[in-house]
Amino acid sequence: MSKHAWVSIDGKRPGDEYGFGFPDDGLELKELVARDNALILDNETGQSLPGSRFPRVLETQGKPYRVPKVLGDYVRWICPVVSERLADALRQADLGPSNLYPVTLYQRDKNITFDQSVFILNIGVCKEALDDEQTTMLRPFSRPYTYTIKSTIKADDVVLKRNAAEGPDIWVDPKLPRKTYFVSDRLYQILKKENLAKAFGLVRCRIAD
């Protein structure tokens, strides 16, 4: 059994956010909020979702962002949006019921459709693995979660229970909010071999004996 896993938290992740969102489909404000909130909640709790829950196109919203001509391997959204290269690396691991759904990215203000192949990563695995008694780098958080992890963490500051080494190689924890998720050491080694580990901004965690 591996003695380590890895955590990705927003403050450590280099991926960029360019204002991509659902395309304008004529929904009223209440409907838009309800749809977004439902997807955020399901994403945060590790629900394996069908492709029908996700848009086929994500487009920039509101004030134009400085979007590069070529996007990186990781783009922030409600769920991670990953490059084809990163998606291929993830498929080498045990994703369990997690899903990768193809999506097109469109920059509305310039009428540009990116020709890169990208995928929405739906993390559909939840493990109650955070050892909050041994982990000191936690901040209390509002319901329905318990903590956030401080962005100043270093290797082995976060401690996980033994069940972290069991089952699929990527997961969320119910005590932590969205944009915080974990990968196994096996998946980390795959990402490292493909020079993709930095895309997730991973920090090593210790698995308790």
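A few remarks follow.
- Each residue in region 154-207 was checked for being of a type outside the set (Lys, Arg), loosely packed, with under 15 Cβ neighbours inside 10 Å and either on the phi > 0 side of the Ramachandran plot or in a loop (DSSP other than H, G, I, E, B) (or both), and 5 pass.
- In region 69-82, the residues that are surrounded by fewer than 20 Cβ atoms within 10 Å (Cβ to Cβ), in contact (Cβ under 8 Å) with a residue 12 or more places away in the chain and of a type outside the set (A, V, I, L, M, F, W, C): GLY72, ARG76
- Residue count for region 46-66 satisfying the condition of being modelled with pLDDT of 85 or more and either of a type in the set (S, T, N, Q) or under 14 Å from PHE114 (Cα atoms) (or both): 8.
- Subset of region 170-194 [under 13 Å from the mean Cα position of the chain (by Cα) and of a type in the set (D, E, K, R)]: ASP173, ARG178, LYS179
- Restricted to region 3-33, and to residues there that are basic (Lys, Arg) and at pLDDT 75 or above, the residue that is farthest from VAL57 (Cα to Cα) is LYS3.
- Contact annotation: residue pairs with Cβ atoms under 6 Å, 6 or more positions apart or on different chains, pairing a residue in region 134-145 that is in the same structural domain as LYS175 (by TED's automatic domain parsing) with a partner that is not hydrophobic (A, V, I, L, M, F, W, C), are MET137/LYS150; MET137/ASP157; LEU138/TYR147; ARG139/THR148; PHE141/TYR147; PHE141/THR148; TYR145/PRO177.
- Qualifying residue in region 109-116 (condition: modelled with pLDDT of 95 or more, farther than 25 Å from VAL159 by Cβ and among the acidic types (Asp, Glu)): no
- Test: THR135 is in a strand (DSSP E or B), within 15 Å of LYS175 (Cβ to Cβ) and either out of contact with any helix residue (DSSP H, G or I) (no Cβ under 6 Å at 6 or more places or on another chain) or of a type outside the set (Phe, Trp, Tyr) (or both): no
The values are calculated or read from the model by the stated rules, or taken from the named source; none is laboratory data. This one's a predicted model, so the numbers in the text were calculated from it and none came from an experiment. No Cβ is skipped: glycine too gets one built from the backbone with ideal geometry, and neighbour counts run over all protein chains shown.
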